[in-house]
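Dropping a structure here in structure tokens format, bear with me for questions.
We did not get these values from a lab; they are worked out from the coordinates using the rules stated. If you're wondering where the values come from, they're calculated on a predicted model, not measured in any experiment. No Cβ is skipped: glycine too gets one built from the backbone with ideal geometry, and neighbour counts run over all protein chains shown.
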Amino acid sequence: MPNTPGGREGIQGSGNPEVLWSPSAEQASKSAMAGFARWVGEHKGVDLGPEVDYAALHEWSVRDLEGFWSAVAEHLGATFHDAPRTVLGSRDMPGAQWFPGATLNYAEHALSPRPGRKDADIAVVFAREDGLERIVSHAQLRDLVARARAGLVAAGVRQGDRVVALAPNSVETLAMFLAAASLGAVWSSCSPDFGVRAVQDRFAQVEPVVLLAVDGYLYGGRAFDIRDTVAALMGRLPTLRRTVMVPYLDPDAALEGTTPWAEFTAEAGPLEFASLPFDHPLWVLYSSGTTGLPKGIVHSHGGIVLEHLKSLRLHNDLGPGDTFFWFTTTGWMMWNFLVGGLLVGSRILLFDGSPVQPDAGALWSLAERHGITVFGVSAPFVQSCLKAGLRPRDHYDLSRMRALGSTGSPLSVEGFRWVSDACGEHIQICSVSGGTDVCTAFVCAAPTVPVWLGELSVAALGADVRSFDEQGEDLCSDAPCAVGELVLTTPMPSMPVMFWNDPNGTRLREAYHETYPGVWRHGDWVHATPRGSFVIHGRSDSTLNRGGVRMGTADFYAVVEGFGEVGDSLVIDTTALGAQEEGELLCFLVLSPGATLGDVEPRLRKALRSDLSPRHVPDRFVAISAVPRTLNGKKCEVPIKRILAGVSPDRAVSAGALQNPEALAPFLDLAGTR
């Protein structure tokens, strides 16, 4: 098991850490979580004690999966067209069968009139870094979705077809997604700052019939025209029947072979919702592509509806009258989570651009202006504000901000303190950890549970989170719980129904269930505390996570090793090791004879910025003589990450498992000088 990263020593001991936030009795009692607990007691006969006892509620939620998830569906208003035959037909992992026989539609849950979703209620606030803002009511959103739906129907889109977007966090992107979902088409999206190769590697797999694209995007005060990228994709995605162009930067922007957004949505049409099986594919998200092409992770209509109702209504306490924001792009699962705010009647705030444009107060000004109640960012963003010496509470009215969410990497102890001190003691710090794999969090916060310094307050309802050692022993059976692999021992509805193009499920099993058969292994290092809270110590895999944007090492190598001057390479993101702030992205190069680092580095930087994203340009390039490889030829990414994190070499990797153990030398030297 890994060593505890620096800065965490005070958390793992037997003493209780400082409490940074705690709900008042009135706050706890009025929360949706407490209301759900009372309802369960009254209607399901589950005795959870006289007070709001989260531990008892969680224990019931993982012990009685059928009772818990049926209560979520009933109490939070899931609408089934056809009733399920049972709640859980099979609890096998993989292969759990949730609500067999049930039919429903995600878009219907997001758009049908309910509290918070009346015609005049605000559905969406859109804000762009240049000051452009747009307010969209539910009546307007329903009309736009119906028009986009009519455009899809006219393009011949049918149930099961794929609709994809290379587009920003905008109203048009949201409308196209909901239109596709209403038809039973399968959605997928990438951020417009992704390069051609990164987008092609994702979209080509799903064989889309319609592409939504923009002419360009804004970031950091600069405009970037991406019509060349769109044109290249149109030539590389042979299944496309229609490319729809949104003039995002220039009202007169056009591209040959595309249909303008105004023309595509010109005809009004009925807003109808296909009645779909519970496990019908809703969207395809992508793994980081660590060992090959990014894996297409398929989530279902029913699984996401139930999980997001539970997470957003109960854990985030969101509902009508609230404004929900998370800083994200369409290339990160947090976009999919953000739009789920519509499911619970909250208005959602879509922001596109740099979080520090025109200055470091941009998002805090947005929070004040629109009364954001749940404000979500990444841990590196919090760290950057801390390092800049910002004190948002001194300049902005954050009185309506009830909670601040942080994800993407572990929030540092200093980050916890900064939120409480610089933003407001009234703000609940919701540090959460989960992932693209399930489009939710396993460990998170609850409105009835305190926030302890440096800790994630609870395991989510319905998530039986444990810490396992290499032999599959539960490290939480002893006190104190040791650091181990984060696993789930029972299924959740939002676990993938499949990987795209994985007909026998082999890649799905390899990804999550090969290490511990019948158990979900997530790839995080974690330990539980006696308080029921958790500490995440970073990833145990080799994902490159920069500013919350995940990218696989395979994507990276495809670019770097395409250069003739590069014989081999290894990339390490130290952020994933539980660093106190976003760590360095290091690229180690084995150069071809005659090549020099000074000659190739500038061109590598330019290519990575163009083909992947600006976030994935390394901080440093280092020349080495050889990349350490296993006996079967795999690059030793995880062992090198562990060595650079301070894990002793004999615990990080077995020399006998390597083709070239002498290749470890430069990494051992680097770890010794850090």
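For the stretch 201-208, just list the computed ³J(HN,Hα) in residue order, Karplus coefficients 6.51, -1.76 and 1.60, θ = phi - 60°, integers in Hz, with x standing in for Gly and Pro.
My calculation for the stretch 201-208 gives 4, 8, 6, 4, 5, 8, 6, x Hz in order.
Counting only other residues whose beta carbon sits under 10 Å from that of ALA102, what net charge do I get with K and R as +1, D and E as -1?
Taking every Cβ under 10 Å from that of ALA102, the sum is -1.
So who's got an amide H within less than 5 Å of the one on GLY405, skipping anything under 5 residues away but keeping other chains? H placed 1.01 Å off N, in plane.
Sorted by chain and number, the residues that satisfy this are PHE375, GLY376, VAL377, CYS430.
Using the reciprocal of the averaged 1/r over all distinct C-alpha pairs, how large is the Kirkwood radius of the chain in Å?
Result for the chain, one decimal place: 25.5 Å.
If Lys and Arg each add +1 and Asp and Glu each add -1, what is the summed charge of the other residues whose beta carbon sits under 15 Å from the beta carbon of ALA422? Before the final figure, lay out each step's value.
On the way: positive: LYS387, ARG391, ARG393, ARG417; negative: GLU368, ASP394, ASP397, GLU414, ASP421, GLU425.
Result for the neighbourhood of ALA422: -2.
Scan around ALA623 for amide H atoms under 5 Å from its own, H built in the peptide plane at 1.01 Å from N, and keep only partners 5 or more places away or cross-chain.
Residues meeting the amide H criterion: LEU589.
Another question, if that's okay. Pop a pseudo-label 7 angstrom from the Cα along the beta-carbon direction at both ARG609 and SER24 and give the gap in nm to one decimal.
About 5.2 nm, to one decimal.
Give me D for the stretch 225-371 in µm² s⁻¹, whole number, from Stokes-Einstein with Rh from the Kirkwood sum over alpha-carbon pairs, 20 °C and 1.002 mPa s.
114
On the first, second and third principal axes, largest extent first, how far apart are the outermost C-alpha atoms of the stretch 47-181 in Å?
Computed over the Cα atoms, the extents are 50, 38, 26 Å.
I would also like to ask the following. Filter the chymotrypsin sites (Phe, Trp or Tyr not before Pro) in the stretch 63-107 to those in DSSP coil with at most 11 other Cβ atoms within 10 Å of their Cβ, and list the result.
Answer in residue order: no site qualifies.
Normalised by the empirical 2.2 N^0.38 Å for globular proteins, what value does the Cα Rg of the stretch 137-209 take?
Values: Rg = 12.6 Å, N = 73, 2.2 N^0.38 = 11.2 Å.
This ratio for the stretch 137-209 stands at 1.12.
For the stretch 310-415, what size does the Cα cloud have along each of its three principal axes, sorted from largest down, in whole Å?
Projected onto its principal axes, the Cα set of the stretch 310-415 covers 36, 27, 27 Å.
OK, next. Starting from one equal scatterer on each C-alpha and no solvent at all, send me the Debye-based log10 I(q)/I(0) for the stretch 317-376 at q = 0.15, 0.22, 0.27 Å⁻¹, two decimals.
The calculated log intensity ratios at q = 0.15, 0.22, 0.27 Å⁻¹ are -0.42, -0.86, -1.15.
Rounded to whole Hz and in sequence order, give me ³J(HN,Hα) for the stretch 231-237 from the Karplus expression 6.51 cos²θ - 1.76 cosθ + 1.60, θ = phi - 60°, writing x for Gly and Pro.
Values, residue by residue: 4, 4, 5, 4, x, 9, 10 Hz.
Using DSSP, restrict attention to beta bridges with both residues in the chain and report what percent are antiparallel, rounded to the nearest 5. Mind showing how you got there, number by number?
Details: 54 of 95 bridges.
Here the antiparallel bridges make up roughly 55 percent for the chain.
P(r) of the stretch 466-524 in 10 Å steps, Cα pairs, percent per bin?
Taking every Cα pair in the stretch 466-524, the percentages come to 22, 48, 22, 6, 1.
Could you give the Stokes-Einstein D for the stretch 22-77 in µm² per second, using the C-alpha Kirkwood radius, 20 °C, 1.002 mPa s?
My calculation gives 186 µm²/s for D.
Next up: Looking only at Cβ-Cβ distances, which cysteines of the chain have no other cysteine closer than 4.7 Å?
CYS190, CYS385, CYS423, CYS430, CYS439, CYS444, CYS587, CYS636
Determine, for TYR516, TYR217, the number of other Cβ atoms within 10 Å of each Cβ, and report the residues in order from fewest to most.
TYR516, TYR217
Only counting other Cβ atoms within 10 Å, I'd like ASP397, ASP252 sorted with the fewest neighbours first.
Neighbour counts put them in this order, fewest first: ASP252, ASP397.
Now for a different question. Please compute the length gained on full extension between GLU74 and ARG134, using 0.36 nm multiplied by the number of residues separating them and subtracting their Cα-Cα distance.
So the chain would gain 18.1 nm between GLU74 and ARG134.
Let me ask you something else. Based only on Cα atoms, what Rg/Rh ratio does the stretch 128-275 have, Rh being taken as Kirkwood's radius?
Radius of gyration over Kirkwood radius for the stretch 128-275 works out to 0.94.
By counting other Cβ atoms within 10 Å of each Cβ, how are ASP130, ASP650, ASP279 ranked from fewest to most?
Listed from fewest to most nearby Cβ atoms, that is ASP650, ASP130, ASP279.
If r is the Cβ-Cβ distance from ALA154 to THR515 and R0 is 51 Å, what FRET efficiency results, to the nearest 0.05?
The computed FRET efficiency comes out at 0.60.
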